[in-house]
There are 2 protein chains.
Amino acid sequence: MQATIVTIGDEILIGQIIDTNSAWMGTELNLLGINVKEIISISDDHQQIIDTIGRAIQSSDLVLLTGGLGPTKDDITKKAIADYLKVEMEFHEPTWNRIQKFFQQLGRETTPAHKEQCFIPKTAAVLLNKMGTAPGMWFEIGNSILVSMPGVPYEMKYLMTHEVLPKFSQKLGDQHIIHRTILTAGEGESRIAAKLESFENILPNNFKLAYLPNLGMVRLRLTGVGKNKTELEKEIERLKENLVQRIPQLVFGFEKETLAEVVGKLLIERKKKLGAAESCTGGYLSHLITQVPGSSGYFQGAIIAYENSIKENQLGVLVKTLREHGAVSAECVTEMAQGAIKKLNVDMAIAISGIAGPGGGTEEKPVGTIWLAVADRSSVQTNKLTLFKDRLKNIEYTGNVGLNMLRLFLLEAK
Amino acid sequence: MQATIVTIGDEILIGQIIDTNSAWMGTELNLLGINVKEIISISDDHQQIIDTIGRAIQSSDLVLLTGGLGPTKDDITKKAIADYLKVEMEFHEPTWNRIQKFFQQLGRETTPAHKEQCFIPKTAAVLLNKMGTAPGMWFEIGNSILVSMPGVPYEMKYLMTHEVLPKFSQKLGDQHIIHRTILTAGEGESRIAAKLESFENILPNNFKLAYLPNLGMVRLRLTGVGKNKTELEKEIERLKENLVQRIPQLVFGFEKETLAEVVGKLLIERKKKLGAAESCTGGYLSHLITQVPGSSGYFQGAIIAYENSIKENQLGVLVKTLREHGAVSAECVTEMAQGAIKKLNVDMAIAISGIAGPGGGTEEKPVGTIWLAVADRSSVQTNKLTLFKDRLKNIEYTGNVGLNMLRLFLLEAK
């Protein structure tokens, strides 16, 4: 079964918002074994919407539209659908009742735009959107299905999860696509590719391996296609194990796991409490760690010592160290990590200090020079990075390196 | 002039990576007045690449391909281009010399995959990629232009900025598209739309207004199309001012400004030093603030008090307060903010404590209950939010609300 995803909105084409909906939908459709053939972003343009629906319906079994169903005047998707189908618009009373009730509960008035939302193409089956005012719509067109949803991510996700995916899963054929993702940190794409060359040569024809590098990490994605799902699952597991054995030190996890989750699991296993002392990453590493549900079980807190006086007063970094080695040095991050252990009363801590840019670089320590330290009460490991000119990229890359240092430190500590 | 952007890679279709390249390219093309007609993501599939290039070349003057030029085996874009153009592949000696030099400087060996990268379609004009090994390629096909670039964001951005955009800007016609973006925080899409209804009714036919809501903020985008650039600029400025006058209290900035940048400017103007005390946002607010270049000039640091003992020991929150009101209360965030002012020696501080979820909720304080306080040495303002079930969404939404509280506090303080 083939699907096409269409996102509608000038704001995507002019780059003002990044389309994250399509990636989420792609993941969900794939889990059902539905192959996403194409993702298309087009303008809020009546004729372009009609043309794109026509082309997508011809080449796919399922067409998913998002965007252009909100309560404001730039919403023309449903009118284009009605014109494509050559049907009238009709006022949908149950939707109007639902919207009125929703606003009554909030103690607020509806606006005329909300009434406008209740006009929908006559042949639509309405999908109940409990997360917002715009209804989802389902159309059967010959052997194909067209679904229209609002572009607001949590409304779309609600409709997909509760209405659309359950209906799709009934209609599936017998061709299966499966994926396994192996997550690595610590080496670049080319180095890993060289180590996996002989592995790629033994890959069966119905399998593919893709490299997806991102800020110090490379995801390796194995994809297999076949009719026998059980056999396919067995084969992909065998291949996955074979691959992992070739680069065991680099693999930190699988599928959608994050480095922060892996570090969290190791901390729980080893019953260790973690703290942090961040300078140039300004809270980003702590944010990565605390994105994980349950991180309050092992993460106590952090001191963001952006100013040198806070490094001294809160973390106990010596004035002498700052004077002789500077804030961006092995000595400083070591004292920051040791200071965080004491101050936050934790078993181990990570410390980061560097020049994120764009200003602040010198000849000796250019922008992108960043020091990290991981310490427990008896040992410390430091690491120097020489990164990029881009501030945000330096912050994000360093966050990943820091998490990987924590992982390796915890694995060695046993 | 019309452009189509094509991104190639199964990893996008199965949702494993989010396509951020297209948004960046869309922004840059628009600044030149080039209209992006469509953004298409397709598979690493030889025939689909050929078909998509063919269709895009027919409907656009410019076709930009990204993805599928890396050094690993899943790279088939350039072979598809060669087959589309019906030309041979040729070894490009200068690219090979450049790659060898690059690796010599790093003190590393090239791999056979790097040599593979130097084979390119015969009719390509090579675009020098100083950020990586894969060359960019430029093809003139009748009156249209096809450009192929690596999918790695900083390599693509380098090629666009230094090679592609300068060449495009020479080829422009006389139709102009211009945009103005008005940034708001504090009210939802429907409320703003109701306030702007009469504004929308006076909008000339060649102008459009779009609403782009995101986590507590709504971006309003005005777009105008016309032949006379000077007149268009004058008219859009007039409309922008008219719009802002209708919702002055909600507008925090324009175009690509961020709330964190606006807060930073106010702090510099008012010569105030800021600190933070974060619990449930775990460093995210500090990360937003320190993403801004130069933020070390006004942001001193923060204490991430994830554990209650750190709220007590580092921020001086009273045991009595925690016992009687809990960590998620107006009283606690007030003491956290006041504690941060003392501890970090700053003029003002923001404090946040709440239940981000998914665990930790109670009947009285469900998941999504979050308290914020902004204080200086003489006053304090608190705010309670009742948000969502989603952890990351709660963290991000709260970050924006916190920044907007800081903005309003600074504006009132004068």
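Derivation of every value follows stated rules applied to the coordinates shown; laboratory data play no part. Computed from a predicted model, the values in this text were never measured in an experiment. Quick reminder, even Gly has a Cβ in these numbers, built from the backbone with ideal geometry, and neighbours come from all protein chains shown.
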Sorted by Cβ density within 10 Å, fewest first, the residues A:Thr66, B:Thr382, B:Thr334 = B:Thr382, B:Thr334, A:Thr66
key: Debye intensity ratio in log₁₀ form over the Cα atoms of segment B:174-299, taken at each q of 0.12, 0.13, 0.15, 0.16 Å⁻¹   = -0.57, -0.65, -0.80, -0.87
key: Residue of chain A whose Cβ sits closest to the axis mapping A onto B, with distance in whole Å   = A:Gly283, 2
ask   = Using all Cα-Cα distances in segment A:259-413, what percent lands in each 10 angstrom bin from 0 up to the longest?
value = 12, 45, 34, 8, 0
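Compute the length gained on full extension between B:Leu31 and B:Ile141: take 0.36 nm times their separation in residues and subtract their Cα-Cα distance, giving the result in nm to one decimal.
Result for the pair: 37.2 nm of gain on full extension.
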query = For chain A, what is the convex hull volume of its Cα atoms per residue in Å³?
reply = 190
note = Inter-copy distances for A:Gln105, nm, shortest first, label points 7 Å along Cα→Cβ, are 6.1
ask   = Cα extents of the protein assembly as shown along the three principal axes, largest first, in whole Å?
value = 68, 68, 59
query = Can you give the relative contact order of chain A as a percent, counting alpha carbon pairs under 8 Å and 6+ residues apart?
reply = 10
key: Cα centroid separation, segment A:89-106 to segment A:283-300 (Å)   = 41
inquiry  = Over segment A:208-256, what portion of Cα pair distances is larger than 14 Å, expressed as a whole percent?
reply    = 58
task = Distance check, please: which entries in B:Lys78/B:Lys122; A:Lys171/A:Lys227; A:Lys195/B:Lys115; A:Lys393/B:Lys37; A:Lys365/B:Lys273 exceed 19 angstrom between their Cα atoms?
result = A:Lys393/B:Lys37; A:Lys365/B:Lys273
key: Protection proxy ranking of A:315-325, B:187-197 - average other beta-carbon atoms within 10 Å, highest first   = B:187-197, A:315-325
remark   = Mean-square fluctuation maximum in Gaussian network of chain A, Cα pairs under 10 Å, restricted to A:Gln338, A:Gln16, A:Gln117, hits A:Gln16
message = Which of B:Tyr306, B:Tyr298 has the fewest other C-beta atoms within 10 Å, and how do the rest follow up to the most?
response = B:Tyr298, B:Tyr306
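I'd like the mean, over residues of B:236-243, of how many other protein chain beta carbons sit within 10 Å of each residue's own Cβ.
Average per residue, whole number: 0.
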request  = May I ask for the net charge around B:Val251, where only other residues with Cβ less than 13 Å from the Cβ of B:Val251 are counted and Lys, Arg are +1 while Asp, Glu are -1?
outcome  = +2
task = Mind giving me the FRET efficiency for B:Glu109 and A:Lys389? R0 is 25 Å, r the Cβ-Cβ distance, nearest 0.05 is fine.
result = 0.40
message = With a cut-off of 8 Å between alpha carbons and a minimum separation of six or more residues, what is the relative contact order of segment B:2-169 in percent?
response = 24
note = For A:Lys384, the aspartates and glutamates lying under 17 Å Cα to Cα, once residues fewer than eight places off in the same chain are dropped, come out as A:Glu187, A:Glu278, A:Glu331, A:Glu335, A:Glu363, A:Glu364, A:Glu396
ask   = Taking a label point 7 Å from Cα toward Cβ, how far is B:Phe388 from its twins in the other copies, in nm, shortest first?
value = 2.7
query = For segment B:238-345, what is the relative contact order in percent, using Cα pairs closer than 8 Å and at least 6 residues apart in sequence?
reply = 22
remark   = Note: A:109-115 gets an average of partner chain Cβ contacts (10 Å, Cβ to Cβ) equal to 3
note = chain A, Gaussian network, Cα under 10 Å: of A:Gln48, A:Gln100, A:Gln170, the residue fluctuating most is A:Gln170
ask   = Going by how many other beta carbons lie within 10 Å of each one, how would you line up B:Met1, A:Met348, fewest first?
value = B:Met1, A:Met348
key: Across the identical copies, how the B:Thr362 labels are spaced - nm, sorted shortest first, 7 Å along Cα→Cβ   = 5.3
key: Separation in nanometres of the label points that stand 7 Å from Cα toward Cβ, at B:Glu255 and A:Leu411   = 4.6
task = Per DSSP H run of at least 4 residues, take -39500 (n - 2.57); add these up for chain A, divide by its residues and hand me the 222 nm value, nearest 500 deg cm²/dmol.
result = -12000 deg cm²/dmol
ask   = Can you list, bin by bin at 10 Å, the percent of alpha carbon pairs in segment B:31-114, starting at 0?
value = 14, 37, 28, 19, 3
ask   = Around A:Pro358, what is the net charge, scoring Lys/Arg as +1 and Asp/Glu as -1 over all other residues with Cβ under 11 Å from its Cβ?
value = +1
message = Taking beta carbons within 10 Å but only from partner chains, what does the mean come to for residues B:189-196?
response = 5
